[in-house]
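The values are calculated or read from the model by the stated rules, or taken from the named source; none is laboratory data. From a predicted model like this one, the values you see are computed outputs, not experimental measurements. With ideal geometry, Cβ positions are generated from the backbone for all residues, glycine too; neighbour counts draw on all protein chains shown.
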Amino acid sequence: MQRFLMLVAVAVLAAIPALALRLTGAKIGPIGETAAYGVAILSAGFLLSWGAEAAERHISQGLIIAVVALVTVLPEYAVDLYYAFQAGKAGPESQYVHYAAANMTGANRLLVGLGWPLLVVIHWARGGGRTVELSRGNAVEISFLLLASLYAFVIVLKDSITLLDFAVLAAIFGAYVWRVHGAPGADEDEDEEPGPAAAMNTLPIRTQWAVMAGLTLGACVIILASAEPFAEGMVRSGRLLGLNEFLLIQWLAPLASEAPAVTVAVLFVLAGRAANGLGALVSDKINQWTLLVGMLPLALSLGAGTVAALPLDARQAEEFFLTAAQSLFALALLLRLRLGLGSALALTGLFGVQVGLAFAYRNDEARTVATLTMLAWIYLGLAAILFLVNGRHLLGLLRTALPERRTEETGSPKEFEPGGGQR
């Protein structure tokens, strides 16, 4: 418990400079402000992660699962929805439209291109083997992420994200929550959470709830106070340093907002529960690929004061296309309910290529668009091969993701193996 309290104290202290800047209105320059508010958002993300991890042990109802999932990625939501809201206020021709799309696509690609492979590499380095094996229950996450990824190509064809898309994506997320609402909060044979959240299990239930509420409330205050100046600070810092603002927002902001969730997943791996860690990041991807994407036009409409869509120009459309293609390829690697070291290296290698080429062609818009398109088709070509080879496993996953049916003779649920067989 002492270690947990020290970590909470460190996280709170890390956020104090940003809160002081916001309350006093003091200015220390774009770079200093970006750093201060970025550290605050990072610390708030850890507070949220600790509270959410503890809550998941006790709660499995659908509504609460949705709230916990939303809270866990609140740092990412705060920054991206701020850009979308400002895009609505400034108009469809403003740079804020590009910033909103950049932050969203960067967060999704970073999570899959670096987050997922990182867990496999750590698992292998600790002698756990070259493969992270998922459980049969993870077929639900994979199936719903597949559904959301396929719908993403509809958005690509429309070159815009509308409130109708929000309704569809929110429905997909709602169906996912409904499907998993009966899952237990934690495995019965797992006595404690991997990391700081374990300390709270020694407290009385009411005290645990009070601590979780305090962590969540404090983190929300920090995030709400820091999101706007952090988002604006990145724009001003990019201009001051002569860096490409789009790329800065696409890759720097997600590093701060995604770090807590990835750290929690790493703690699972270090505790010998690599499947739990990878499953957690797959769930985070579902959240971002449905609610975060869908809420962008909602925030934009609120900023505009009228119903509006988030337009995707040629560059943004190709960024979204590449993100959807990467998602489909990553899912194809999971059809056997496992992610091996070779697959992890493939994800990281292709991710590194896209980031490297984006910075290499940062001042050549036409070349950048052509490069994004080429990489997207490479992802889709590889995904198509994997889906053809593993078609039997895909059918098994989809069957497993369906609600359990009970047999007439015994009343017991029918179960399906990932390979497509019934048992």
State which residue is modelled with the lowest pLDDT when the search covers only the stretch 7-57 and only residues that are basic (Lys, Arg) and not in a helix (DSSP H, G or I). Arg57
Mind listing whichever residues of the stretch 238-276 are outside any loop (DSSP other than H, G, I, E, B), under 16 Å from Pro30 (Cβ atoms) and either in contact with a Gly (Cβ under 9 Å, 6 or more places away or on another chain) or basic (Lys, Arg) (or both)? Arg239, Leu240, Glu245, Leu248, Ile249, Leu252, Ala253, Ala256
For the stretch 331-339, indicate whether the set of residues that are under 17 Å from Ile122 (Cβ atoms) and surrounded by 23 or more Cβ atoms within 10 Å (Cβ to Cβ) is non-empty. yes
Out of Ala14, Ala36, Ala9, which single residue is among the small types (Gly, Ala, Ser), free of Cβ contacts under 8 Å to residues at least 40 places away in the same chain and exposed (fewer than 11 other Cβ atoms within 10 Å of the Cβ)? Ala9
What is the one condition in (1) in contact with a Lys or Arg (Cβ under 8 Å, 6 or more places away or on another chain); (2) closer than 26 Å to Leu398 by Cβ; (3) surrounded by fewer than 24 Cβ atoms within 10 Å (Cβ to Cβ) that Leu291 does not satisfy? (1)
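Determine if the stretch 399-418 includes at least one residue that is at positive phi and either among the β-branched types (Val, Ile, Thr) or modelled with pLDDT under 85 (or both). Before you say what the answer is, go through the steps one by one.
Residues of the stretch 399-418 that are at positive phi, as a first pass: 411.
Checking which are either among the β-branched types (Val, Ile, Thr) or modelled with pLDDT under 85 (or both) leaves us with 411.
Yes, the stretch 399-418 contains at least one residue that is at positive phi and either among the β-branched types (Val, Ile, Thr) or modelled with pLDDT under 85 (or both).
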For the stretch 90-109, check the following and say yes or no: at least one residue is in contact with a strand residue (DSSP E or B) (Cβ under 6 Å, 6 or more places away or on another chain), under 30 Å from Arg179 (Cα atoms) and assigned to a helix (DSSP H, G or I). no
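Would you mind stating whether Leu278 is surrounded by fewer than 20 Cβ atoms within 10 Å (Cβ to Cβ) and either among the aromatic types (Phe, Trp, Tyr) or modelled with pLDDT of 80 or more (or both)?
no
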If I go through the stretch 215-238 residue by residue, how many of them are without any contact (Cβ under 8 Å) to a residue 24 or more places away in the chain and touching a Pro at 6+ places or on another chain (Cβ under 8 Å)? 0
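For the structure I just gave you, tell me whether Ala324 is touching a strand residue (DSSP E or B) at 6+ places or on another chain (Cβ under 6 Å) and either at negative phi or in contact (Cβ under 8 Å) with a residue 60 or more places away in the chain (or both). Lay out the reasoning, then the answer.
Details: touching a strand residue (DSSP E or B) at 6+ places or on another chain (Cβ under 6 Å): no; either at negative phi or in contact (Cβ under 8 Å) with a residue 60 or more places away in the chain (or both): yes.
In short, no.
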